[in-house]
Amino acid sequence: MTTLENLQLDHWQASTDTSDILWLTIDRQGESANSLSEAVLGELDTLMDYAENTDLAGVIIQSGKPDSFIVGADIREFGSFTSSDAASAKIREGHAVFARLENLTCPTVAAIHGFCLGGGLELALACNYIIALNTPDTRVGLPEVKLGIFPGLGGTTRLSEKIGGLKAMELMLTGRMLRAPAARGMGIIDELVDEFGSLRWSARRAVIQKRKSRGPGTFAALTNRQPLRKAIAAMLRKKTAEKADPRHYPAPFALIDLWEKHRDNRVKMFEGEAAGVGKLIVGETATNLRRIFFLTERMKELGKSEDFKVRRVHVVGAGVMGGDIAAWCVVQGMEVTLQDREMKYIEPALARAKKLFKRKLKKKPAITAAMSRLMPDVDATGVERADVIIEAIYENADAKRALYADIEPRMAEHAVLATNTSALPLEELGRDLKNPERLIGLHFFNPVAKMPLVEVVHSEVTPKDWISKGAAFCSQINRFPLPTKSAPGFLVNRVLAPYLMEAISMKLEGIDKEIIDASAIRFGMPMGPIELADIVGLDVCINVAETLAKGDVEAHRKLLQGMIDENKLGKKSGEGFYVWEKGRADRKPATVDNAYGDQLAKRLMKPFLNECKAVSAEGIVEDDDLLDAGIIFGTGFAPFTGGPINYLAAQQTNSQSKQENAHG
């Protein structure tokens, strides 16, 4: 007979207590977080042998990691699948393991804390009951669509059973992560506890009392059934198509199809998961989205620093960028002093900040605390105490140098001096500093609260540890750092310049702005270049035209200047190319003929892609992988492509294959 002592376990710890409860603790060897690798699932399968053949009072699954339960499947193993059939076969093996857990005759409980995502939540759903630690760090969700697939270890089936089809589908289609109270309210989590020590005792009590999930209410259950399911599926397709093109992102539409067709048949649902996810996981979109995931992990590593911890930030310039940078730092828990010439220039930034705090922090005590951490500072008293000082005044090199001359003598020795300039070279800005190597660029993008990238700009004389400080600060405010050489436009603005100018050329030729934008969206961009110009600001665009654009742009400059003279600056003034109401462009629906749309998109993207190649050749960032990451997170470039350089390489490979086939 198999005993626990006989089992060879690397990633699980197993023990029984005096009440004959089997405690299974996942603690993946050599990893900071638990993920479901083939080896982890294999050991769980072995543990199911023991559980099935032992008289147990119950089984409790918990995590041995201090910060999380299970963060999902091991994505690193996805790339090893050689075909969809091989991927589907491996998924069926996972199904079999989870089915053994689900079919145990004794009560089963998942006791979770921290992140419980993807395969981790699918494992928990195979248990009778889920208990979670109620802390801000506990998050649950099925984010697989963000990797170009949908839940494949039973989540599609079991979540829709537990909370109803509509709620489950909305959660899976968006890939949202839920905090513990929201997940409890939705019915995913069955019980919350407030202290870590209570988690174990509550799980034990749930086993002894043989607790089971209550399942969905009457209406929620009905959303899984026909004819309501068919109507909901149609609504979900329409809603999803507004955000994702099925040609580029097939996973959410495949998920809807599966649920609509087979939700009445549990066996077919599981088989549909295995077949559908197996096909998607080896596809181009999923492969490229995994590439982006690994690039984000690399950028996170760039920001890791044990030595530089930022508590206080001083921002000079309370305009849109400076004020919003200050507010974002406050949201991340920092103290911020915000400087401008007079209080009247700071007040609008405080009003915008309060709106952000309400949106992000929700609860009144947290909002009040945030407002107290954002301090107006006309007299610049915060300079001496700041760990990071960010200059965000208007784009004038003389004005910036004069400001630095005042700041530098008063800075703490460890403090970072940074500029948010969008184009001016550091060498020019820092030439009068006693220690010019201390000046770095921290180039944020508008809107600050949404754009995840910050370019950490450095010159030839910037020491590596100073670049690391800038990157560490970015990570501490939940932003991806991208080390970038000081050069006109750096990376993102340099690539955007010819793209925006090409769009304005089309506008000057008489092509409707809605058609131009629709063509870019058809290619896979999140928005069109005309709308983007409005968001960036036409006053910024005219600087781009004058400093970064190539060729004759006099007509572009004249058009932009005329609009600026009429106070049509874009989104920030309420009107630019579009009229803006409640933060949205009044953009009329545009129907573009496929061939014509593709032709316009090709024309728009040509200068964009050419500039990416030029930037690559010049080594503005360390390598093409980081270039792809920077362009995706800085411009929203079509994620399904894996980035512009990856896209160009794929295009070249496809072209060569066609030529070989033609000559074959």
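Of the DSSP beta bridges with both residues in the chain, give the percent that are antiparallel, rounding to the nearest 5.
On the way: 15 of 62 bridges.
Here the share of antiparallel DSSP bridges comes out near 25 percent.
Computed from Cα atoms, the angle from the helix 320-331 axis to the main principal axis of the chain rounds to 30 degrees. Annotation for Asp593 and Glu306: the two label points, set 7 Å from Cα along the Cα-Cβ direction, are 6.5 nm apart.
Cα gyration tensor of the stretch 493-619, axes a ≥ b ≥ c as square roots of the eigenvalues: rounded (a/c below 1.5), prolate (a/b > b/c) or oblate? Spell out each step's value before the answer.
Values: a/c = 1.67, a/b = 1.09, b/c = 1.53.
In terms of gyration-tensor shape, oblate.
Just flag the GluC sites (Glu not before Pro) in the stretch 557-643 sitting in loop per DSSP whose Cβ has no more than 12 other Cβ atoms within 10 Å. Listed in order of number, the matching sites are Glu566.
Which value, in debye to the nearest 20, describes the size of the charge dipole of the chain about its Cα centre when Lys and Arg Cβ atoms bear +1, Asp and Glu Cβ atoms bear -1, and nothing else is charged? Display every interim value, and only then the final one.
On the way: 85 positive and 87 negative charges, 509 e Å.
So the magnitude is around 2440 debye.
Would you work out which of Leu350, Pro365, Met411 lies farthest towards the positive end of the dipole of the stretch 319-443, given +1 charges on the beta-carbon of Lys and Arg and -1 on that of Asp and Glu, about the Cα centre? Comparing the listed Cα positions along the dipole, Pro365 ranks first.
Based on the Cβ-Cβ distance of Val267 and Asp586, what FRET efficiency does E = 1/(1 + (r/R0)^6) give at R0 = 30 Å, to the nearest 0.05?
0.05
Full extension of the segment from Ala402 to Asp257, taken as 0.36 nm per residue of separation minus the current Cα-Cα distance, would add 46.0 nm.
Among bridges DSSP assigns within the stretch 306-491, what percent are antiparallel (round to 5)?
Working: 3 of 28 bridges.
Counting DSSP beta bridges with both partners in the stretch 306-491, the antiparallel share is about 10 percent.
All alpha carbon pair distances within the chain were sorted into 10 Å bins beginning at 0; the resulting P(r) in whole percents reads 3, 14, 22, 23, 20, 12, 5, 1, 0. Helix 644-663 axis versus longest C-alpha principal axis of the chain: approximately 70°, rounded to the nearest ten.
With the cut-off at under 16 Å, measuring from each backbone N in the stretch 36-56 to a point 7 Å along the Cα-to-Cβ line of Asp20 picks out 50-56.
Rounded to the nearest 20 debye, the dipole magnitude of the stretch 423-558 is 480 debye, with +1 charges on Lys and Arg beta carbons, -1 on Asp and Glu beta carbons, and the Cα centre as origin. Determine the relative contact order of the stretch 493-619: mean sequence separation of Cα pairs under 8 Å and six or more apart, normalised by residue count, in whole percent. Once divided by the residue count of the stretch 493-619, the mean separation gives 33 percent.
Extents of the stretch 4-282, taken as max minus min of Cα coordinates on every principal axis and listed largest first, are 54, 43, 33 Å.
Take the Cα gyration tensor of the stretch 310-395, multiply each eigenvalue by 5, square-root it, and list the three semi-axes largest first, rounded to whole angstrom.
Details: eigenvalues 75, 40, 22 Å².
Result for the stretch 310-395: semi-axes of 19, 14, 11 Å.
Subtracting the Cα-Cα distance of Thr135 and Lys464 from their residue separation scaled by 0.36 nm leaves 114.7 nm.
Helical runs (DSSP H, four residues minimum) scored at -39500 (n - 2.57) apiece and divided by the length of the chain put the mean residue ellipticity at 222 nm at -15500 deg cm²/dmol.
Here Met525, Met177 are placed in order of increasing Cβ neighbour count within 10 Å, fewest first, which gives Met177, Met525. Applying the criteria of a DSSP loop state and at most 10 other Cβ atoms within 10 Å to the trypsin sites (Lys or Arg not before Pro) of the stretch 562-664 yields Lys582.
State the Cα centre-to-centre distance between the stretch 22-53 and the stretch 221-239 in whole Å. Value for the Cα centre distance between the two parts: 37 Å. Could you tell me how many degrees, from 0 to 90 and to the nearest 10, lie between the Cα long axis of helix 538-547 and the main elongation axis, the longest principal axis, of the Cα atoms of the chain? Roughly 70 degrees, rounded to the nearest 10.
Looking at the stretch 1-57, the pairs of alpha carbons with a distance over 19 Å make up 27% of the total.
Between the DSSP loop rule and a limit of at most 13 other Cβ atoms within 10 Å, which trypsin sites (Lys or Arg not before Pro) in the stretch 246-319 are left? Don't skip to the end; give the middle numbers.
Numbers: sites: Arg247, Lys261, Arg263, Arg266, Lys268, Lys279, Arg290, Arg291, Arg298, Lys300, Lys304, Lys309, Arg311, Arg312; in loops: Arg247, Arg263, Lys304, Lys309, Arg311.
Within the stretch 246-319, the qualifying trypsin sites (Lys or Arg not before Pro) (loop, at most 13 other Cβ atoms within 10 Å) are Arg247, Lys304, Lys309, Arg311.
Each residue, Thr105 and Asn654, gets one label point 7 Å from its Cα in the Cβ direction; the gap between the two is 5.7 nm. For the stretch 72-157, the spread of Cα positions along the three principal axes, ordered from largest to smallest, is 40, 34, 19 Å. Length gained on full extension, Ala221 to Asn435: 70.3 nm, using 0.36 nm per residue less the C-alpha separation. For the chain, the relative contact order is 9 percent, taking Cα pairs closer than 8 Å that sit 6 or more residues apart in sequence and dividing their mean separation by the residue count.
Taking every DSSP beta bridge that has both residues in the stretch 4-282, what percent is antiparallel when rounded to the nearest 5?
Details: 8 of 30 bridges.
Around 25 percent antiparallel, to the nearest 5.
Here the dipole of the stretch 4-282 is about 1560 debye; that uses its Cα centre as origin and unit charges on the Cβ of Lys and Arg (positive) and Asp and Glu (negative).
Sorted from largest to smallest, which semi-axis lengths in Å does the alpha carbon gyration tensor of the stretch 214-263 give for its equivalent ellipsoid, taking the root of 5 times each eigenvalue?
Details: eigenvalues 107, 21, 19 Å².
Working through the eigenvalues yields semi-axes of 23, 10, 10 Å.
At q = 0.10, 0.17, 0.20 Å⁻¹, work out log10 I(q)/I(0) for the stretch 306-491 with the Debye formula, treating every Cα as an identical point scatterer and leaving solvent out; two decimals please. Debye curve over Cα of the stretch 306-491, log10 I(q)/I(0) at q = 0.10, 0.17, 0.20 Å⁻¹: -0.34, -1.05, -1.48. Computed from the Cβ-Cβ distance with R0 of 60 Å, the FRET efficiency linking Asp512 to Val378 stands at 0.80. Between Ala614 and Arg410, the modelled label-to-label distance comes to 4.1 nm, taking each label 7 Å out from Cα in the direction of the beta carbon.
The Glu284 and Glu347 beta-carbon pair, evaluated with R₀ = 45 Å, returns a calculated FRET efficiency of approximately 0.35.
Only the coordinates and a few stated rules stand behind these numbers; no lab work does. None of the values given here were measured: they were computed from a predicted structure. A quick note on method: Cβ atoms are made from the backbone with ideal geometry, for glycine too, and the neighbour counts reach across all protein chains shown.
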